[in-house]
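See below for the structure under consideration.
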Amino acid sequence: MKRARSSWLAWLRLLPLLWAAGAACAHPGQEEAQLKAAFIYRFAQFTQWPPPPPGREFNYCVAGDRELQDALRVVAQKPMGQAAGRVLVLGSPAEAGPCHVLVLGFSGRQELQLWLDALADSPLLVVGASAEAFRAGAIIALVLEPNGMAFRINHSEAKRRGLMLSSQMLKLAREVK
């Protein structure tokens, strides 16, 4: 019970960051991007990668969605354990070598599938910024619902890639498959 409570508290600690980000935003698209970036940062904290562990840099990689790229740059300034955060903008799947987290900001299934197929064997935490990403095979998909932001997790895909997701994160997901 105490662990579940501390996990909830960890997620709630994001609220001041989210409110501050929302207040600084010029329009709703930036607000949504800031919220997604905060979730992505937390997803990375609740994920364990196979050895070797991340080195001196922890790389958040983004393909598509310019606003999300900018929002992730702000969040990536916080260190990930001992590693400094860095955001890389990718133009093709071939550039994903140094990535730990790959955020796909595409909504079209064909483009999503191209990236997912090319990186199918990589130990990447693949986060999609749309419901279509979940259907295409991303590990986590962020979905804007009427009551706020939710996420879905493809736990089978995470395990296949050698990633271990926190049970607390799994409990908070809207859907786990």
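The values are calculated or read from the model by the stated rules, or taken from the named source; none is laboratory data. Everything quoted here is computed from the prediction, not taken from an experiment. Glycine gets a Cβ as well: all are built from the backbone with ideal geometry, and neighbour counts include every protein chain shown.
Criterion first (in contact (Cβ under 8 Å) with a residue 60 or more places away in the chain and under 26 Å from Pro51 (Cβ atoms)) does Pro123 satisfy it? Before the answer, list the steps.
On the way: in contact (Cβ under 8 Å) with a residue 60 or more places away in the chain: yes; under 26 Å from Pro51 (Cβ atoms): yes.
Yes.
Given the conditions (1) modelled with pLDDT under 95; (2) farther than 19 Å from Val89 by Cα, which single one is not true for Gly108?
Only one criterion is unmet by Gly108, namely (2).
Answer yes if at least one residue in region 68-77 is over 24 Å from Gln168 (Cβ atoms), β-branched (Val, Ile, Thr) and surrounded by fewer than 20 Cβ atoms within 10 Å (Cβ to Cβ), and no otherwise.
Yes: one or more hits.
Suppose we keep only residues that are in contact with a Ser or Thr (Cβ under 8 Å, 6 or more places away or on another chain) and crowded, with 22+ Cβ neighbours inside 10 Å within region 134-157. Which one would you say is nearest to Ser92 (Cα to Cα)? Lay out the reasoning, then the answer.
We begin by selecting, within region 134-157, every residue in contact with a Ser or Thr (Cβ under 8 Å, 6 or more places away or on another chain); these are 141-143.
Next cut, crowded, with 22+ Cβ neighbours inside 10 Å only: 141-142.
On the way: Ala141: 20, Leu142: 22 Å.
Restricting to residues being in contact with a Ser or Thr (Cβ under 8 Å, 6 or more places away or on another chain) and crowded, with 22+ Cβ neighbours inside 10 Å, the top hit is Ala141.
Within region 22-62, can you find the residues that are among the aromatic types (Phe, Trp, Tyr) and either modelled with pLDDT of 90 or more or more than 13 Å from Arg73 (Cα to Cα) (or both)?
At the first step, the residues of region 22-62 found to be among the aromatic types (Phe, Trp, Tyr) are 39, 41, 43, 46, 49, 58, 60.
Result: Phe39, Tyr41, Phe43, Phe46, Trp49, Tyr60.
Name, by its number, the condition in (1) more than 16 Å from the chain's Cα centre (by Cα); (2) under 22 Å from Leu35 (Cβ atoms) that does not hold for Ser166.
It is condition (1) that Ser166 fails.
Just to be sure, is Val74 among the aliphatic types (A, V, I, L, M), at pLDDT 90 or above and over 12 Å from the mean Cα position of the chain (by Cα)? Walk me through it before giving the result.
Values: among the aliphatic types (A, V, I, L, M): yes; at pLDDT 90 or above: yes; over 12 Å from the mean Cα position of the chain (by Cα): yes.
Taking the combined requirement at face value, the residue satisfies it.
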